[in-house]
Amino acid sequence: MSSTEGAPLDVIPAHLLKGQKALVTGANSGIGRATAVALGRAGADVVVNYVAGREEAEKVVEEIASFGVRAAAYEADVSDEGQVVAMMDRMVQEFGTIDVLVANAGLQRDAPFTEMTLAQWQKVLDVNLTGQFLCAREAAKEFLRRGVVPEVSRAAGKIICMSSVHQIIPWAGHVNYASSKGGVQMMMQTLAQELAPKKIRVNAIAPGAIKTPINRDAWDTPKARKDLLRLIPYDRIGAPEDIAHAAVGLASDLLDYVVGTTLYVDGGMTLFPGFATGG
Ligand code: NAD
């Protein structure tokens with residue numbers, strides 16, 4: 001195994017999520033892709049949401065279908081209310097219901113603060129925060145309508161918000177992104193508090209540095225890689241599968257008592273590694 005790979009798929013129990021229907025947003029790339037595949041490997045039927053790149057989405061669908069579960073690619077912009085409502089309606093019509101939402105879609109539009117345009121600020125907030133709000137709201141409506149089905153899961157539904165270590169680590173030059181993830185943290189906790197009595201579990205995953213297209217600049221030269229590893233006590237860059245496996249756990253009844261928590265999957269990045277030798 002190379003220093004960037006996560007654990008292989010065959011560590012996932014194939015029946016852990018049997019009978020569950022999952023929607024992963026932004027699932028034709030990076031973390032979303034790996035998560036959709038891992039949920040399928042765990043026995044869930046999976047809707048692969050994408051906003052652009054149908055071919056990539058279809059490849060993910062093919063890979064998931066090879067596990068003997070159902071999968072389909074749905075195009076929708078998560079920041080567009082009408083498209084999110086239509087996507088959820090379609091899922092309920094074609095898959096019967098939804099049990100697991102992984103609100104993963106996200107992007108960056110970086111700029112020094114005084115040069116950041118309103119459009120850059122707004123785009124990141126629209127996709128990273130409002131997009132999660134819209135998808136979570138529509139999923140929660142269906143969870144509440146259907147209620148608990150004990151043969152499928154102990155919970156009426158699970159929402160997993162893809163946050164970031166930047167929900168707590170300030171990030172100069174990325175004020176829109178860090179603000180969106182700070183917002184995700186409080187949205188997640190508030191939803192968890194509001195929905196837990198209805199047996200809906202809302203949690204978040206905060207990835208550290210994961211090798212995906214979103215952060216190519218941070219790992220694609222030896223110098224960038226060396227600088228990045230200084231921030232990671234566990235001394236490897238994360239793989240999308242590292243996050244996918246956390247999502248499988250949070251979606252499953254194994255973690256049924258985990259409510260309103262952020263699971264940091266970051267190789268220790270939030271341990272303030274600069275203080276290991278100083279301070
Ligand atoms: P990525 O660029 O590979 O994937 C992002 C996905 O979101 C893509 O499929 C993209 O098309 C999709 N997307 C963007 N706008 C969308 C929209 N309006 N509607 C639907 N889909 C849309 O990057 P990734 O690293 O896999 O990022 C996934 C999530 O993980 C993001 O929320 C990101 O903030 C978070 N994250 C990533 C890292 C990392 O190191 N890679 C660290 C912390 C958090």
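The values are calculated or read from the model by the stated rules, or taken from the named source; none is laboratory data. Note that the structure is a prediction, hence the values are computed from the model and not measured. All Cβ positions, glycine included, derive from the backbone under ideal geometry; neighbour counts span all protein chains shown. Each accessible area value is taken on the protein alone, full model and side chains, heavy atoms only, with ligands, DNA and RNA left out. Shrake-Rupley method; radii C 1.70, N 1.55, O 1.52, S 1.80 Å.
Structure notes:
- For the range 255-265, 3J(HN,Hα) per residue [Karplus equation, 6.51 cos²θ - 1.76 cosθ + 1.60, θ = phi - 60°, Hz, x = Gly/Pro]: 10, 4, 8, 8, 9, x, 9, 9, 8, 7, 10
- Here's how it looks for Ala204: its modeled amide H is under 5 Å from those of Cys161, Thr261, Thr262, Leu263, which are all 5 or more places away or on a different chain.
- Over the chain, DSSP H runs of length four or greater, each weighted -39,500 (n - 2.57), average out per residue to a 222 nm ellipticity of -11500 deg cm²/dmol.
- If you count Lys pairs in the chain whose Cα atoms are under 18 Å apart, skipping same-chain pairs closer than 8 places in sequence, the total is 12.
- Of Val259, Leu101, Ala224, farthest towards positive along the dipole that unit charges on Lys, Arg, Asp, Glu beta carbons give the chain: Val259
- For the range 1-100, GluC sites (Glu not before Pro) meeting the loop criterion (DSSP other than H, G, I, E, B) and having at most 15 other Cβ atoms within 10 Å: Glu5.
- 1.4 Å probe accessible area per residue over the range 12-269, in Å²: 44 Å²
- Under the span-like rule (Cα at least 20 Å along the axis, Kyte-Doolittle mean at least 1.0), DSSP H helices of the chain: none
- The trypsin sites (Lys or Arg not before Pro) of the range 176-253 that meet both conditions, a loop assignment by DSSP and at most 12 other Cβ atoms within 10 Å of the site Cβ, are Arg230.
- Among Ala71, Ala172, Ala209, the largest mean-square fluctuation in a Gaussian network model of the chain, built with springs joining Cα atoms closer than 10 Å, belongs to Ala172.
- Calculated Rg and Dmax of the chain using C-alpha coordinates, Å: 18.0, 58
- Multiplying the residue separation of Leu271 and His15 by 0.36 nm and removing their Cα-Cα distance gives an extension gain of 88.7 nm.
- Dipole moment magnitude, nearest 20 debye, the chain about Cα centre, only Lys, Arg, Asp, Glu C-beta charged: 500 debye
- Accessible-area value, Leu254, 1.4 Å probe, nucleic acids and ligands omitted, Å²: 130 Å²
- For the options Thr261, Thr190, Thr114, a Gaussian network treatment of the chain with springs between C-alpha atoms closer than 10 Å singles out Thr114 as fluctuating the most.
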